[in-house]
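Novice: Quick one: the structure is below, questions incoming.
Since every read-out is calculated from the coordinates, none of them should be taken as a lab result. Quantities reported herein were computed from a predicted structural model and do not represent experimental measurements. Note: ideal-geometry Cβ built from the backbone for every residue, glycine included; neighbour counts use all protein chains shown.
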Amino acid sequence: MAIALYMDAHIPRAMTLGLRLRGVDVITAQEDNAADLPDSTLLDRATALQRVLFTFDDDLLAEATRRQIEGIPFAGVIYAHPSRVSIGTCICDIELIAKVGKPKDLVNRTEFLPF
């Protein structure tokens, strides 16, 4: 089973479209009417939908780390710093994760891009 993704509100539309063109299952926080949710609630929402959250947000990275320390389960986070990776590289790396990985591979984990 492929990994389904949930895109944080700050992710460029071009990245979402690029992933969809490559056959990756993606929904955005905006499409889910969740763009204004606090980070912890957004991560809960992605987890409830069994989707790994992709973000550029350092605060979401901190929330994932807090959950790891406290043993609070979540579906997983993929994090990239927007000034350290291009949209094209993100698309390639995320496509690889989504198509080769299994959802259980990222449970309670944070994956950092670029590889």
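Novice: If the requirement is being surrounded by 17 or more Cβ atoms within 10 Å (Cβ to Cβ) and aliphatic (A, V, I, L, M), which of these qualifies: Ala75, Ala62? Write out each step before concluding.
Specialist: Details: Ala62 fails: surrounded by 17 or more Cβ atoms within 10 Å (Cβ to Cβ).
Within the list Ala75, Ala62, the selection yields Ala75.
Novice: Continuing with the same structure: Taking segment 41-59, which residues are farther than 19 Å from His81 by Cα and not basic (Lys, Arg)?
Specialist: Start the filter on segment 41-59 by keeping residues that are farther than 19 Å from His81 by Cα, which leaves 41, 44-51.
Result: Thr41, Asp44, Ala46, Thr47, Ala48, Leu49, Gln50.
Novice: How about segment 2-19: which of its residues are within 15 Å of Arg51 (Cα to Cα) and part of a helix (DSSP H, G or I)?
Specialist: So in segment 2-19, the residues within 15 Å of Arg51 (Cα to Cα) come out as 2-9, 16, 19.
Correct list: Thr16, Leu19.
Novice: Within segment 36-48, which residues are closer than 19 Å to Pro103 by Cα and surrounded by 15 or more Cβ atoms within 10 Å (Cβ to Cβ)? So that I can check it myself, show each step before the final result.
Specialist: Here is the first cut: in segment 36-48, the residues closer than 19 Å to Pro103 by Cα are 42-48.
Residues satisfying the conditions are Leu42, Leu43, Asp44, Arg45, Ala46, Thr47.
Novice: What residue, among those in segment 91-112 that are of a type in the set (A, V, I, L, M, F, W, C) and either more than 11 Å from the chain's Cα centre (by Cα) or part of a strand (DSSP E or B) (or both), is nearest to Met7 (Cα to Cα)? Step through it out loud before you land on a result.
Specialist: We begin by selecting, within segment 91-112, every residue of a type in the set (A, V, I, L, M, F, W, C); these are 91-92, 94, 96-98, 100, 106-107, 112.
Those still in the list that are either more than 11 Å from the chain's Cα centre (by Cα) or part of a strand (DSSP E or B) (or both) too: 91-92, 96, 100, 107, 112.
Details: Ile91: 12, Cys92: 15, Leu96: 16, Val100: 19, Val107: 16, Phe112: 15 Å.
Checked segment 91-112; the qualifying residue nearest to Met7 (Cα to Cα) is Ile91.
Novice: On to the next question. In segment 17-31, which residues are more than 11 Å from the chain's Cα centre (by Cα) and either on the phi > 0 side of the Ramachandran plot or crowded, with 17+ Cβ neighbours inside 10 Å (or both)? Before the answer, list the steps.
Specialist: Going residue by residue through segment 17-31, those that are more than 11 Å from the chain's Cα centre (by Cα) are 17-25, 30-31.
Hits for segment 17-31 are Gly18, Leu19, Gly23, Val24.
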